[in-house]
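Undergrad: Following this message is one structure expressed as structure tokens.
The values are calculated or read from the model by the stated rules, or taken from the named source; none is laboratory data. Note that the structure is a prediction, hence the values are computed from the model and not measured. We place every Cβ from the backbone using ideal geometry, glycine too, and count neighbours over all the protein chains shown.
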Amino acid sequence: MGKVVVMDHPLIRHKIGFIRRKETGTKEFRETISEIAMLICYEATRDLRLEDVEIETPICKTTVKQLAGKKLAVIPILRAGLGMVDGMLSMIPTAKVGHIGLYRDPDTSKPVEYYCKIPADCAEREVFVVDPMLATGGSAVEAISMLKMRGCKHIHFLCIIAAPKGIEVLKEAHPDVDIFIGSVDEKLNDHNYIVPGLGDAGDRIFGTK
Ligand code: PRP
Ligand code: URA
């Protein structure tokens, strides 16, 4: 059974408060999304296994820990997930990166697939799917289904703001997936935007509105 972890770290809470502000500009928004991704990544990688390895310091031989076993992959859901990739890679620089292209149909709010390219050996990797927003849950559920169809087994989902509905929908569809959330907001509005939220994450990262 996957776990649901909501971040309570003061740095994350402060930074999320900053990106919610409507006056926060594209540059600051983008930089802060990346910093928050880095901090969530720190928590989401807590259970990675370690192994002992013998090394030599300038003083003597000793045993240290290094990451063992599985290799990692970061998979952003386009577009807004791209904003979290740099922060993730600054923590796990050797991870491979895949891309899943989905957009929400403005009338139905259902995800529409337009792209999928993931590392060939993704089935053997620990996969971190990233998207700042988990609203109805449709995009996350579809992205993870696409990954499972391609053999991925060890999947974690990282987002910055989630609506309660999105969390329930994702847990129900993919109960094996760990979910890491920066903040759980109150609700969705009539257009399935998160309230209070931060608006359209893709538009705010890329300055398209
Ligand atoms: C946003 C967001 C998620 C999705 C969340 O993307 O980045 O992918 O909506 O909503 P859901 O949980 O209801 O599916 P959007 O469809 O606006 O595409 P964009 O990132 O290209 O702007
Ligand atoms: N996608 C966004 O970018 N923002 C929301 O509030 C909901 C979906």
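Undergrad: Across region 152-198, which residue is farthest from Asp121 (Cα to Cα) among those that are among the charged types (D, E, K, R) and away from ligand 2 (no atom under 15 Å from the Cβ)?
TA: Only one residue tops the list, namely Glu168.
Undergrad: Can I ask one more? Looking only at region 151-164, count how many residues are aliphatic (A, V, I, L, M) and either out of contact with any helix residue (DSSP H, G or I) (no Cβ under 9 Å at 6 or more places or on another chain) or more than 11 Å from ligand 1 (Cβ to nearest atom) (or both). Lay out the reasoning, then the answer.
TA: So the first thing to find is which residues in region 151-164 are aliphatic (A, V, I, L, M), and the list is 155, 158, 160-163.
From what's left, either out of contact with any helix residue (DSSP H, G or I) (no Cβ under 9 Å at 6 or more places or on another chain) or more than 11 Å from ligand 1 (Cβ to nearest atom) (or both): 155, 158, 163.
The total comes to 3.
Undergrad: Working carefully through the options Pro111, Pro175, Pro196, find the one that is modelled with pLDDT of 95 or more, touching a helix residue (DSSP H, G or I) at 6+ places or on another chain (Cβ under 7 Å) and loosely packed, with under 15 Cβ neighbours inside 10 Å. Spell out how you get there, then give the answer.
TA: On the way: Pro111 fails: loosely packed, with under 15 Cβ neighbours inside 10 Å; Pro175 fails: touching a helix residue (DSSP H, G or I) at 6+ places or on another chain (Cβ under 7 Å).
So the residue among Pro111, Pro175, Pro196 that is modelled with pLDDT of 95 or more, touching a helix residue (DSSP H, G or I) at 6+ places or on another chain (Cβ under 7 Å) and loosely packed, with under 15 Cβ neighbours inside 10 Å is Pro196.
Undergrad: Let me ask another. Can you name the residue in region 78-100 that is near ligand 1 (Cβ under 8 Å from one of its atoms) and not in a loop (DSSP other than H, G, I, E, B) and, of all such residues, is surrounded by the most Cβ atoms within 10 Å (Cβ to Cβ)? Outline the logic, then answer.
TA: Within region 78-100, the subset near ligand 1 (Cβ under 8 Å from one of its atoms) is 78-81.
Add one more test, that the residue is not in a loop (DSSP other than H, G, I, E, B), and what stays is 78, 80-81.
Working: Leu78: 18, Ala80: 23, Gly81: 29.
Looking at the filtered set, the residue picked out is Gly81.
Undergrad: I would also like to ask the following. Limited to region 165-209, what total is found for residues that are within 12 Å of ligand 1 (Cβ to nearest atom) and more than 25 Å from Glu31 (Cα to Cα)?
TA: 11
Undergrad: Does any residue of region 139-157 turn out to be under 16 Å from Ile194 (Cα atoms) and surrounded by 21 or more Cβ atoms within 10 Å (Cβ to Cβ)? Break it down into steps so the answer makes sense when it comes.
TA: The initial filter retains those residues of region 139-157 that are under 16 Å from Ile194 (Cα atoms), namely 139-140.
Remaining after also requiring surrounded by 21 or more Cβ atoms within 10 Å (Cβ to Cβ): 139-140.
Scanning region 139-157, I find at least one residue that is under 16 Å from Ile194 (Cα atoms) and surrounded by 21 or more Cβ atoms within 10 Å (Cβ to Cβ), so the answer is yes.
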